[in-house]
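Chemist: Here it is, the structure in full.
Since every read-out is calculated from the coordinates, none of them should be taken as a lab result. Since the model is a prediction, treat every value here as computed from it, not as a measurement. Please note: Cβ atoms are built from the backbone with ideal geometry, for glycine as well, and neighbour counts cover all protein chains shown.
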Number of protein chains: 2
Amino acid sequence: MSDNKSIVEDPNSAKASSRRKFLGQAAAVSTVVASGSVAANNLPPNVPAWQKHLGKPVNSNPYGQPSKYESDVRRLRVPWLTPDSIASISFTPLAEIKGMISPNGLAFERDHGGLPTIDPKQHRLMIHGLVDKPIILTMEDIERFPTVSRVHFIECPANSAMEWKGPQVGRLQFTHGMTNCCEWTGVPLKYILEEVGVKPEGKWLLAEGADSASMSRSIPMEKALDDTLVVFGQNGEALRPEQGYPLRLLTPGWEGNTSIKWLRRIEITAEPSYQREETSKYTDLLNPQDPEHKDLIGKAYLFSWIMEAKAIITFPCPEKPLKGHGKYVMNGLAWTGTGKIKHVDVSLDGGINWQQAELNGLVLDKCWTRFSLTFEWNGEEILLQSRATGEDGYVQPTLKQLRKARGVASIYHNNAIHTWKINKNGEVESVQV
Amino acid sequence: MSDNKSIVEDPNSAKASSRRKFLGQAAAVSTVVASGSVAANNLPPNVPAWQKHLGKPVNSNPYGQPSKYESDVRRLRVPWLTPDSIASISFTPLAEIKGMISPNGLAFERDHGGLPTIDPKQHRLMIHGLVDKPIILTMEDIERFPTVSRVHFIECPANSAMEWKGPQVGRLQFTHGMTNCCEWTGVPLKYILEEVGVKPEGKWLLAEGADSASMSRSIPMEKALDDTLVVFGQNGEALRPEQGYPLRLLTPGWEGNTSIKWLRRIEITAEPSYQREETSKYTDLLNPQDPEHKDLIGKAYLFSWIMEAKAIITFPCPEKPLKGHGKYVMNGLAWTGTGKIKHVDVSLDGGINWQQAELNGLVLDKCWTRFSLTFEWNGEEILLQSRATGEDGYVQPTLKQLRKARGVASIYHNNAIHTWKINKNGEVESVQV
């Protein structure tokens, strides 16, 4: 057990009595009402302006928008990271995300040839290659199949890539924001493959997008017949353009770019197609010259599909510092491409002692899972870490362990334990320990 | 068992072989590719325009929007239903909704005094009345509490009210669209009540909104301490203005208007407060004069909080007719305010024979649940019905049963089994049988 008892709440303590302490903190910024100050009409003294006048007509905007007071909650690019804005990335503002769903307006995107504007009436999906009956399907055809809806995360394998060599971006949105999690609706790919009849030698498929990059990846048949979907719905509505409108592949738990957006073609093949975006990119040459990692020289981390277990604390974080001493609920997100999250542990001393966090809400397969831990902060410096463990027993590694396994030349698949340093003034910075 | 075998798929038949028939239908509108027609470069002959040019820059819109091709998917009002657009309703386009989440831009709203624009920095929640320590909380205070995220439906008790006396609106959006289902994030109300300390005589609470109607309802303490939340998050982002930004009460499974929007005040009381919107409205005088229902004369359906079990077929429906003969997957939504959906049954002959539908996706407490049933349509007229059964054993009634129990003067709580008539041309209309 931890020796951090002074700052971590004993999980066995009476919850009700511990919760009362939130008020002690809250009272610092809120007003305790003296019984005499509540007016006879039972309204607080200051009735706000918006209660004194009729509001806007109902459905002024038939497609609703966020409040104007949320205008700073936005996806952002990192201009120096990508050479232009066509092959680029927008990051989810994770510090502002609530629950397990990423809202459609804020879900990260990675485009390789810009964002195409596709007319769904003209869009087609061709399935050909090693099949009995090649076919071209319209959107209407696809929507005739039985559909399923599943909540799954998507993560770019380059998420946290900027952190391999030390903290470069002092913001949660940029250290971990190449991920989103939505309810996706579509057709299991296996139903469509049954229609065309895959020949026995068809062991792979090539999926291609209708963007200017013709973004394409090879997918083994085993994944295609497992949980891969062809989706047209996202959080209850049609896919957003940034997510592949009108149609994308969804390979749950795998590198985000294998979930080919603007899906137009699936070719059944005997072997992988070794496309550009799975050989020159999205592959890590392990350690080209490092004598300390001789066994890795000349080897590559190729077809590294699965996004491994990862947890990140979303409060506190650089965007959301602590404000004054007292009791806080630390909050975070965990996910793994192999299945469900089994548990998440949190350290307040840079990884020496660990406490098990509480999992909040639904714990679903290949889905963001919320965790939280109550702690008391009295102004000391803290090195805050979170560590995910999957139901398969895989434990999120330290950066040191990752470097030992993969050398120091990697770009992708950085799922190392991340450290937030809480400074004495409550501000939070990204550090490596 | 049903004698509808000719049009309903035997659920025990081999699924794979039955699915293959979807192609038979699909082929009517799609193109089967002759093996010679796939060009040497493996691209379909017509490479679409959007694949030949770079797309738009990434994050051109840092808060993303739907495709322009979805511009007809909108909330709508029924102008004749409400005397003005300030106290009015916008309906969810249920025929276009996918999965169990209603997208924030399309979630139905019911406002009683228009839509207020509230500055969250100035917004306050006062809790007073029969408490040890009355208090006024800021949004920042509220967000300091432990939070939970839960997916729950909200339904206006007036949903389907227009259908009591026969079909008046020939559109699913209007017969059933006063409902939405979102992932809500917030604080269990009991945590806040623990902070203020409810006095033993405090058995009710009055919740009041900061809109110009000061919309208010009485809630029994039992519900407040059970699953009631004070929420600030909706599908991963801040509440939308139409849903009560920045703060609303959420009383899962209860009449939508008890989930007070723009929540500013909770007063603990000994008795219900008998507010306007729970006495003159949202109460049904049962049968003022009907001699056939003598026992109901002078009685009222008051504090009728729970939204009873209900199922509705969302495809086919008036907005989504059948197009040609063949195999189809019927799709629908079911929910109940008492807990989970146990099963949904479907009839194709106006309620004589019933088939159990498949429940798709997650089956959650007080949450939209998807159901589907595969059927073959060969051009005959069908009277299509769906009937929800809750885990409490409650079975969705017929309109006749409802009228027997509540007379013919009701406005609210019409959860009767609904009938879609499929005409020989595939078009769908709302009928009563």
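Chemist: Compare B:ALA388, B:ALA87, B:ALA158 in a GNM of chain B, Cα atoms joined below 10 Å, and give the one with the largest fluctuation.
Modeler: B:ALA87
Chemist: Among A:GLN173, A:GLN356, A:GLN234, determine the one that fluctuates most according to a GNM of chain A built with springs between C-alpha atoms less than 10 Å apart.
Modeler: A:GLN356
Chemist: Using label points projected 7 Å from each Cα along Cα→Cβ, tell me how many nm separate A:ASN61 and A:LEU383, to one decimal.
Modeler: The two pseudo-label positions are separated by 4.5 nm.
Chemist: Sequence neighbours fewer than 8 away in the same chain don't count; with that in mind, list the lysines whose C-alpha is under 19 Å from B:LYS294.
Modeler: Cα-Cα hits under 19 Å: B:LYS400, B:LYS404.
Chemist: May I pose another question? Under 10 Å, Cα contacts only: if you run a Gaussian network model on chain A, which one of A:LEU189, A:LEU137, A:LEU81 comes out with the highest mean-square fluctuation?
Modeler: Comparing A:LEU189, A:LEU137, A:LEU81 in the GNM, the peak value goes to A:LEU81.
Chemist: On to the next question. Among B:LYS165/B:LYS310; B:LYS310/B:LYS421; A:LYS121/A:LYS223; A:LYS133/B:LYS327, which pairs are too far apart, with a Cα-Cα distance over 23 Å?
Modeler: Checking Cα-Cα distances, A:LYS121/A:LYS223 exceed 23 Å.
Chemist: Ok, one more. For chain A, report the % of Cα-Cα distances exceeding 33 Å.
Modeler: Considering chain A, 42 percent of its Cα-Cα pairs are separated by more than 33 Å.
Chemist: Another question, if that's okay. Percent of Cα-Cα pairs more than 43 Å apart in the protein assembly as shown, please.
Modeler: When all Cα pairs of the protein assembly as shown are counted, 34 percent exceed 43 Å.
Chemist: Any chance you could check the Cα centroid distance between the stretch B:146-179 and the stretch B:303-349 for me, in angstrom?
Modeler: 12
Chemist: Express the relative contact order of the stretch A:310-431 as a whole percentage, based on alpha carbon pairs under 8 Å and six or more residues apart in sequence.
Modeler: Relative contact order, the stretch A:310-431: 31 percent.
Chemist: Using the Karplus curve 6.51 cos²θ - 1.76 cosθ + 1.60 with θ = phi - 60°, work out ³J(HN,Hα) for each residue of the stretch B:333-339 in order, rounded to whole Hz, and write x for Gly and Pro.
Modeler: My calculation for the stretch B:333-339 gives 10, 9, 7, 8, x, 9, x Hz in order.
Chemist: Can you work out the FRET efficiency for the pair A:GLN122 and A:ASP84, with r the C-beta to C-beta distance and R0 = 25 Å, to the nearest 0.05?
Modeler: The calculated FRET efficiency here is 0.35.
Chemist: Jot down the radius of gyration and Dmax of the stretch A:310-431, Cα atoms only, both in angstrom.
Modeler: 14.5, 42
Chemist: Calculate, for A:SER280 and A:LYS424, the FRET efficiency according to 1/(1 + (r/R0)^6) with r their C-beta to C-beta distance and R0 45 Å; round to the nearest 0.05.
Modeler: E(calc), rounded to 0.05, equals 0.45.
Chemist: Taking a threshold of 27 Å on the Cα-Cα distance, which of the pairs A:LYS68/A:LYS323; A:LYS52/B:LYS98; A:LYS68/A:LYS340 fall above it?
Modeler: Exceeds cut-off: A:LYS52/B:LYS98; A:LYS68/A:LYS340.
Chemist: Based on the Cβ-Cβ distance from A:SER71 to B:ASP290, what FRET efficiency comes out when R0 is 60 Å, to the nearest 0.05?
Modeler: 0.65
Chemist: Also, I was wondering about something else. Once you have the Cα-Cα distance between B:LYS299 and B:LYS323, take 0.36 nm times their residue separation minus that, and quote the gain in nm to one decimal.
Modeler: 3.9 nm
Chemist: Using the Cβ atoms and a cut-off under 9 Å, what net charge is assigned to the surroundings of A:THR338, where Lys and Arg are +1 and Asp and Glu are -1?
Modeler: Residues near A:THR338 contribute -1 overall.
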